[in-house]
Amino acid sequence: METRMEEGAGDTVTELINGVDFENSKHQSVISNGYGPYAGTLTHGYTCINKKNGYTRGALQNGHVLASSDEECTIKNMKGPIKNGYIKTSEKPAQKSRILKESFEPPTLLTSALTHISFYILMFLGYLSQALFPPKIVKEKNRDGYPPLFDRFASFYSRYVYRRIRDCWNYPICSVPGNEVVLKDRITNDNCWTFEFTGSKTKCLNLASYNYLGFAENSGPCAEAAINSIYKYGVTTGGTRQQYGTCDLHVELEKLTAEFLGVDDAITFGMGFATNALNIPTLVSPGCLVISDEKNHASLILGIRLPGATVKVFKHNDVKHLEQILRDSIYNGQPNQPKGQYKPWKKILIVVEGVYSMEGTIVRLPEIIALKKKYKAYLYLDEAHSIGAMGKHGRGVVDYFGCDPKDIDILMGTFTKSFGSAGGYLAGTKELITYLRQNSFASKHAWAMAPPVAAQIIAVLKILMGRDGTNEGQKRIETLARNTRYFRRRIEQMGIIIHGNEDSPVVPILVYLYSKIAAMVRTLIQEKIATVGVGYPATPLMEGRIRICLSAAHTKEQLDYALQVIEKVADELGLKYSRKPINSEPVDYDKIKVYAE
């Protein structure tokens, strides 16, 4: 086993960790510019470091220790003699730590039972309706030897379950999705089979869009930059990046993106979904292993499946499970080999997201980087929801944890959220980006990003980097962080269960019952608040929710109004499931500290 592990993992080294909080197993402490643990003392098989009389000692557990990206210290390069199992080291200032506070309170047994019972009743009524009044649908013929074109359960679910509450989704809008949004009113006279527009409109507070930094605007410097680009470049370049579709805006955008992220180079694409789906197949092939978080986005899943690589899934944000898969996979090698033969993987790629848009959780990036280095794997980080929205400078979870961006092999992100535009990027080393420019399906076959889209992103990047001569970018980053903490703390004080990290602008409010999801969405729209309801099969049956997306464009007054209405609706529908002790101390918006040194 040692030989195989060495072949796939390489040398392991001990990291000297200071400032680590082991006190609360629910709050995971992660070193901001290194890698650190972990819930509780000596858990997950990691090394706990103790200090004693100027010496540092690592307690080995499960035969492995952590590696560090900042300073790899081995006994060979440590100064001082070994004494009583301790290694004399030079004193260093204690590293700052970041406490990851995430909440995942489960529902009560009664709530679980009622959720299941209500759903089964809904399904029973659907099957009964289908039996008594068979739908007039086209039946597939002459399909012998072929799989069915339509999934029977999906068709049934769409007609008899989702259809009943279809009015809660797919609302047409006729405005910019800023801090407010205008909905086109509609009615249904046949139980949501069809809809008719009434001709009226309703302006709502927008808690449903990924407009994290508030740049989805139809006026201002970014909109002006996009408009001016149309007069110079038109609305499209009319070709792919490799076939006369590149203009100087693309070159400028990629240079700015790489500089903003702190890496060598970047390449941009016209569609965020395609950035994942069409580029991952150029990076892996049969004989490679991809280890994916179970909550990864559909674009990642599609891109992972296309090239024929072996795929293994680890539990959401579970670093212990990830390491177990890494160790087992390296030890066993590629499957389906002749008996007694061992064939190592061509490469191992770990795929994670920065902020998970449905869960509101933040990736445990420092720990995953440590594992990636220890086992000589590659790391693909999707920052679609974290770039711009996280970190002191808006550079995503890498900035949030203070990690070195060059420790991530492939940085991916989209411009559709924080930048109020469209498209995506991949960033990394010069060699990687040069390879993608030559081989990427999205670069070869998809039309280049539209010039107005590129101009909008460039304008936003210049604001975030302070190139516009103002501190507007920093103000928006800090306002989003303050809005996030304020809103989450107030919601928790109501006794409502929310999931995710305290710094995540995605706030899932757990509702559980299907009927309550529909009732809450409808009631909030009546109160002129637009939200998104999410239930099975988009989430597990027991995790139906209302997803709130916060923005720097939201004012405190708007948040207070939303909180007041949500509390009223929670009382009416019985949504105060939380059993945690409630801190009734008033939350002072202006005193909330964000990104404090």
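We did not get these values from a lab; they are worked out from the coordinates using the rules stated. Just so you know, these numbers come straight off a predicted model, no measurement behind them. No Cβ is skipped: glycine too gets one built from the backbone with ideal geometry, and neighbour counts run over all protein chains shown.
Listed here are the pairs K315/K346; K295/K392; K139/K315; K255/K315; K320/K346; K315/K392; which of them are more than 31 Å apart at the Cα? Mind showing how you got there, number by number?
Details: K315/K346 24 Å; K295/K392 26 Å; K139/K315 40 Å; K255/K315 36 Å; K320/K346 23 Å; K315/K392 29 Å.
Long pairs (Cα-Cα over 31 Å): K139/K315; K255/K315.
With Cβ to Cβ distances under 14 Å as the rule, what net charge do the other residues near R159 carry (K, R +1; D, E -1)? Combined, the nearby Lys, Arg, Asp and Glu give +3.
How many Å³ per residue does the convex hull of the Cα positions in segment 407-525 occupy?
Details: hull volume 23.9 nm³, N = 119.
Convex hull volume per residue, Cα atoms: 201 Å³.
Going highest first, how would you order 181-190, 261-270 by mean Cβ packing within 10 Å? Intermediate values should be presented prior to the final figure.
Details: 181-190: 14.1, 261-270: 22.1.
Peptide ranking by packing, descending: 261-270, 181-190.
Please list, ordered by chain and number, the residues whose modelled amide H lies under 5 Å from the amide H of I350; skip anything fewer than 5 residues away on the same chain. Residues meeting the criterion, in which the H sits 1.01 Å from N, are I291, Y378, L379, Y380. Highest mean first, the peptides 518-525, 310-317, 543-550, 410-417 sorted by other C-beta atoms within 10 Å per residue fall in the order 410-417, 543-550, 518-525, 310-317. The distance from the alpha carbon centre of segment 482-539 to that of segment 118-187 is 23 Å, rounded to a whole number.
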